[in-house]
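The values are calculated or read from the model by the stated rules, or taken from the named source; none is laboratory data. The shown structure was predicted, so the numbers you read here are calculated from the model rather than taken from an experiment. Cβ placement follows ideal geometry from the backbone for every residue including glycine, while neighbour counts extend to all protein chains displayed.
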Amino acid sequence: MTITGPVGLYFLLAYLLGSIPTGTIAARLQGKGSLFAPGERSPLKSGEVFEILGLGVGLVVTFLDFLKGLVTVWPLHDWLISTHDQDHWWVISVGAFLVVFGHCNSAWLGFKGGRGLSTTFGVMSYLLPVPAVLAFLLWGCLAFWGLSTRPGALSAAGAMPLLSIPYVWWFRADKFELLILVAFLSILTMWEYRTALLAYLGVKGKAAPPPPEAAPPPGPPPAIPGVSD
């Protein structure tokens, strides 16, 4: 199967669907500006984004990002491509990767974007639902009952391959090839959270140079001998 016709169209639509900047659209509609810090390609921390959008709107945006992943693997895939042969696994895998990649590198935001976890959950919920639910529960426990959203996201991304391997091995041997997709999505998510990951590992980023010291204010002119005020 070549990347032409329906397959090429599927890949293009997967990327464009992932690129839809749902959070930015919601912020603009509310008149609250950008969700990105100046000069940054990733959005603010999840807590800050929810503070800007509000809890209700933030949850709606998260759900829409989830739907982008789900819609790409079903029903968009089934609508454009009817075959479900064993040799066809790479097509749905590439489409799934592209929707997450598009979310993280949106064509509408100058190739900036989110960090991809919600869209990844959308993909996984259809392809490998049991590992997806377990990873989601891990993220929820760490994010809301434990630490914060970032370690929860990193833990969920790291747990996805570990949870998927025994599930596929014991229960869904027909989906063994999808472990490659899970590995790529896990790596992509960790890459988007790389700053937080390095901080947890004790690796500090390059420190900014200190600002130059201000010059002292000019003093009185030196006195000239023999001249009085």
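Tell me, yes or no, whether segment 74-96 has at least one residue that is surrounded by 14 or more Cβ atoms within 10 Å (Cβ to Cβ), in contact with an Asp or Glu (Cβ under 7 Å, 6 or more places away or on another chain) and closer than 18 Å to residue 43 by Cα. Taking every residue of segment 74-96 in turn, none turns out to be surrounded by 14 or more Cβ atoms within 10 Å (Cβ to Cβ), in contact with an Asp or Glu (Cβ under 7 Å, 6 or more places away or on another chain) and closer than 18 Å to residue 43 by Cα. For segment 101-121, the criterion of a residue being surrounded by fewer than 15 Cβ atoms within 10 Å (Cβ to Cβ) and modelled with pLDDT under 85 is satisfied by no position. Check segment 117-134 and report whether any residue there is part of a helix (DSSP H, G or I), in contact (Cβ under 8 Å) with a residue 60 or more places away in the chain and more than 23 Å from residue 165 (Cβ to Cβ). No, that holds for no residue.
Being within 17 Å of the chain's Cα centre (by Cα) and either surrounded by 19 or more Cβ atoms within 10 Å (Cβ to Cβ) or modelled with pLDDT of 90 or more (or both): is that true of residue 56 here? Give the steps one after another, and end with the answer.
Values: within 17 Å of the chain's Cα centre (by Cα): no; either surrounded by 19 or more Cβ atoms within 10 Å (Cβ to Cβ) or modelled with pLDDT of 90 or more (or both): yes.
For residue 56, the condition - within 17 Å of the chain's Cα centre (by Cα) and either surrounded by 19 or more Cβ atoms within 10 Å (Cβ to Cβ) or modelled with pLDDT of 90 or more (or both) - is not met.
Cβ-Cβ contacts under 6 Å between residues 6 or more apart (or on different chains), taken from a first residue in segment 3-31 that is over 15 Å from residue 71 (Cα atoms) to a second residue that is among the hydroxyl-bearing types (Ser, Thr, Tyr), are listed as 21/106.
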